[in-house]
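The structure appears right after this line, and notes come after that.
The values are calculated or read from the model by the stated rules, or taken from the named source; none is laboratory data. In this text, all values refer to a predicted model and were calculated from it rather than measured experimentally. Heads up, the Cβs are rebuilt from the backbone with ideal geometry, glycines too, and the neighbour counts pull from every protein chain shown. For accessibility, only protein heavy atoms count, side chains too; no ligands or nucleic acids. Shrake-Rupley method; radii C 1.70, N 1.55, O 1.52, S 1.80 Å.
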Number of protein chains: 2
Amino acid sequence: MVHYQARLDTTFAALSDITRRGVLERLGDSDASITDLAQRFRMTLTGMKKHVSVLEQAGLVTTEKVGRVRTCKLGPRRLEEEAAWIERHRQLWSARFDALDELVEHLKSKEKADAQRKRR
Amino acid sequence: MVHYQARLDTTFAALSDITRRGVLERLGDSDASITDLAQRFRMTLTGMKKHVSVLEQAGLVTTEKVGRVRTCKLGPRRLEEEAAWIERHRQLWSARFDALDELVEHLKSKEKADAQRKRR
DNA sequence: TTGATAGTGAACCATATGGTTCACTGTAGG
DNA sequence: CCTACAGTGAACCATATGGTTCACTATCAA
């Protein structure tokens, strides 16, 4: 819990790259080697290795090397905290929006009252 | 829809900074000027202005300058697409997990059957 | 008019990011 | 043993990021 904010930092940063999001989607389908991923995303082995490392650091992927090949699979983290943060933001947003709505309603009815007063 | 991926890029990047997440939370409470935010997060006006620009670029904040002061408020975007992406990932993750579960169950029952066969 | 206040933009700085090439290690297969 | 293959790490490069200072503009208030 202590590292909650740092964790959000690294996870959101990990998700901010289209290639890494693609890798996650690919691994949602089946496990894959670095070579598989590098080919799929038209990138050098070294480049893909870096992306995988970032995802691994964020806990979104785990890897295991047997023989020559390192197999990557979805990691232990399920983006719970990220989903929670976003959900909370949506709540706050709605609350603000509702408050604005109320204000508009209030102004409308006030306007109407003013108009009626003027009419008399 | 065309810019869906680019949008995810910029939004997740915007969310990957603790100061910017803080600003969003702060604005969920009430609107604020650049000066307010800069003080709250112990930063120069220029520095805070940059963060606000990033958030504005991502559609998470809107600003309006009247007189000297620029007022910032929560923007039109509610992280719908980000929430959807994350939710989808969680689904895929669960599907993979369930598949693994089934495999384990399968192996377990096979093992049991083998044991019984051996016992005879 | 004059001074303080709010923000802006350019320039600068250190560090991070996303990618490459190249040289290397370790393993697999004949 | 020999060759090919999978990955790794260091070095390098261009660009982006997160922050600052400084000089400037525009506005508010006395």
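General remarks:
- Those residues of region B:1-13 which are of a type in the set (V, I, T), open to solvent by 60 Å² or more (accessible area, probe 1.4 Å) and in contact (Cβ under 8 Å) with a residue 40 or more places away in the chain, in sequence order: B:T10
- Filtered residues of region B:14-35 (kept if free of Cβ contacts under 8 Å to residues at least 12 places away in the same chain and either of a type in the set (V, I, T) or near DNA strand C (Cβ under 10 Å from one of its atoms) (or both)): B:S16, B:I18
- Any pair with Cβ under 8 angstrom, 6 or more apart, that starts in region A:36-65 at a residue that is open to solvent by less than 90 Å² (accessible area, probe 1.4 Å) and ends at one that is assigned to a loop (DSSP other than H, G, I, E, B) and near DNA strand D (Cβ under 9 Å from one of its atoms): A:A38/A:T44
- Selection of region B:66-78 for residues being open to solvent by 30 Å² or more (accessible area, probe 1.4 Å), in contact (Cβ under 8 Å) with a residue 24 or more places away in the chain and either of a type in the set (K, R) or in contact with a Leu (Cβ under 7 Å, 6 or more places away or on another chain) (or both) yields B:R70, B:K73.
- Residues in region A:52-78 that are within 11 Å of DNA strand D (Cβ to nearest atom) and not acidic (D, E): A:V52, A:S53, A:T63, A:K65, A:V66, A:G67, A:R68, A:V69, A:R70, A:T71, A:C72.
- A:E81 free of Cβ contacts under 8 Å to residues at least 60 places away in the same chain and open to solvent by 10 Å² or more (accessible area, probe 1.4 Å): no
- Considering the conditions (1) within 13 Å of chain B (Cβ to nearest Cβ); (2) under 19 Å from the mean Cα position of the chain (by Cα), A:E56 is excluded by exactly one of them, (1).
- Criterion violated by A:G22 - all others in (1) surrounded by fewer than 18 Cβ atoms within 10 Å (Cβ to Cβ); (2) within 13 Å of DNA strand D (Cβ to nearest atom); (3) within 11 Å of chain B (Cβ to nearest Cβ) satisfied: (2)
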